[in-house]
1. With charges only on Cβ, +1 for K and R and -1 for D and E, what is the dipole size of the range 11-163 about its Cα centre, in debye, rounded to 20?
2. Sort out the exposed loop chymotrypsin sites (Phe, Trp or Tyr not before Pro) in the chain (DSSP loop, at most 11 other Cβ within 10 Å) and tell me the longest stretch that has none.
3. Given springs between every Cα pair under 10 Å in a Gaussian network model of the chain, which of Asn64, Asn75, Asn132 has the largest fluctuation?
4. Quick one: plug the Kirkwood hydrodynamic radius of the range 26-164 (C-alpha pairs) into Stokes-Einstein at 4 °C, 1.567 mPa s, and report D in µm²/s.
5. Do you know the relative contact order of the chain, to the nearest whole percent, from alpha carbon pairs under 8 angstrom that are 6+ apart?
Amino acid sequence: MKHKANYNYSDKQLFWLVTLRVLIGWYFLYEGLAKVFSPKWTAYGYLMDSRGLFAPLFRKIAENPDLMAAADFINIWGLTIIGLLLILGLFEKAGYIGAALLLTLYYLSHPPLLNVEYILRPEGSYLWVDKNLIMLAATIVLCCFPTAARIGMDRIIHQKRKSK
């Protein structure tokens, strides 16, 4: 499948698509770096606090030291790397897919359901729709309207491919 680098966005559309990409990237990068610089950080409490259909799976991960170490590693470095990819516009599609996967797991771990209370309280009161679901939808939209081939490091990669 060839990459189509020539999308016809208006300047305003391109500006807001890139702005949204960078803001989501910043969110991921900062969340990752906050965990990198907190040596005792672990997702254990978050996973044990899981509710909903997939709660038993998330609790099993938390109860297994090897799986817990993998979950922590994936969270810390996944967030950090995805954030960098989106901010830089580098391997944009991979960044969006990684972001969508993590956001889906976060949503499934702590679904905003009726009569469910979490130890880690959310910022507001939600029913079915929370920030993870909204960011997931935004990430999917951005994946459908790529910008990095115009404004990002992917532009350099695509220019090199064209010149060959």
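Where a number appears in this text, it was derived from the coordinates with a stated rule and is not lab data. Bear in mind that the values here come from a model prediction, so they are computed numbers and not experimental data. Because the Cβ atoms are built from the backbone with ideal geometry, glycine has one as well, and the counts that use them run over all protein chains shown.
1. Dipole magnitude for the range 11-163 comes out near 600 debye.
2. Answer - 38-127.
3. Looking only at Asn64, Asn75, Asn132, the largest GNM fluctuation is found for Asn64.
4. For these conditions, the coefficient is 79 µm²/s.
5. Relative contact order here is 29 percent.
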